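Take a look at the structure set out below.
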Amino acid sequence: MPSLDYPLEKGGPKRLSLIWVGPTISVLFDDQEVAEVSAATEALRQGHQISLPDNSLLSLQLKRGFLVSQLHITRNGVPLPNTPSDPYRKIRNAAQATFMLGGLHILIGLTLSTLDSSMILIAILGIIFFGLGFAVKKESFLALLIVAIAQLVFNTIPSLINMSTTFGTGGFLSVASFFFRLYLFYLLVVGLGAMWSIRTAPSGKFA
């Protein structure tokens, strides 16, 4: 019986609960059940609209993500904190992707530096990525834009070229590496979109 608990606003108490009971989802508001909806995939893709006791409108809808579908939850059109459509969650994911890129570059650069002196430059790039990660965490649009462009130019595109020359000839690791790099790039781009939505949203919408 999986259960998800969410606050209604950032930093607030968790007042909304979704509890899966067989083929249905029980929706609880302040520990009181207010609705029971179908958990069937097709029904969730169509979406459910639920009126809450505080006269707000809750929306549940299953949407496709990068690899898997995700349940998007909004209240009066605003994503609930820490749900897939929450822009602050997307920014956190982008920051984590940046830290991961930094750590991987540092590890590869230092490990292989004795074999190739150019690997030192990769380690230095990793340190730069790692530093930018802290700026992304603080919602710096410029820092995230730099990381996204660097990831595209230095990692994603070269990985795609390498994959195209090795696929079908024992290049499974190259293909896997490409999709991993593509996923990280996806997180960075989604983070950029989230930052932009926060900047252009009406005052207080994502407060």
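The values are calculated or read from the model by the stated rules, or taken from the named source; none is laboratory data. Because the structure is a prediction, the values reported are computed rather than measured. Positions of Cβ are backbone-derived with ideal geometry, glycine not excepted, and every protein chain shown enters the neighbour counts. What goes into the accessible areas is simple: the full protein's heavy atoms, side chains included, and nothing from ligands, DNA or RNA. Shrake-Rupley method; radii C 1.70, N 1.55, O 1.52, S 1.80 Å.
In table form, for the structure just shown:
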item	result
Value at 222 nm in deg cm²/dmol, rounded to 500, when DSSP H runs of n ≥ 4 in the chain each add -39,500 (n - 2.57)	-16500 deg cm²/dmol
Within a Gaussian network of the chain (alpha carbon springs, distance under 10 Å), most fluctuating of VAL78, VAL136, VAL34	VAL34
Rounded percent of accessible protein surface that carbon and sulfur make up, the chain, 1.4 Å probe	64 percent
Two-site label geometry, ILE128 and VAL21: point separation in nm, points 7 Å out along Cα→Cβ	5.7 nm
Solvent-accessible area per residue, Å², over the chain with all protein chains present [probe radius 1.4 Å]	57 Å²
Of the DSSP H helices in the chain, those whose Cα atoms cover at least 18 Å axially and whose Kyte score averages 0.5 or more	87-112, 119-137, 172-200
Total charge dipole magnitude, the chain, about the Cα centre, Cβ charges on Lys, Arg, Asp, Glu only, Debye to nearest 20	480 debye
Gaussian network model of the chain, springs between alpha carbon atoms under 10 Å - residue of SER51, SER85, SER140 with greatest fluctuation	SER51
Choice from HIS48, HIS105, HIS72 showing the highest fluctuation, given a GNM over the chain with Cα pairs closer than 10 Å	HIS48
Cα shape, region 86-149, gyration tensor, a/c 1.5 rule	prolate
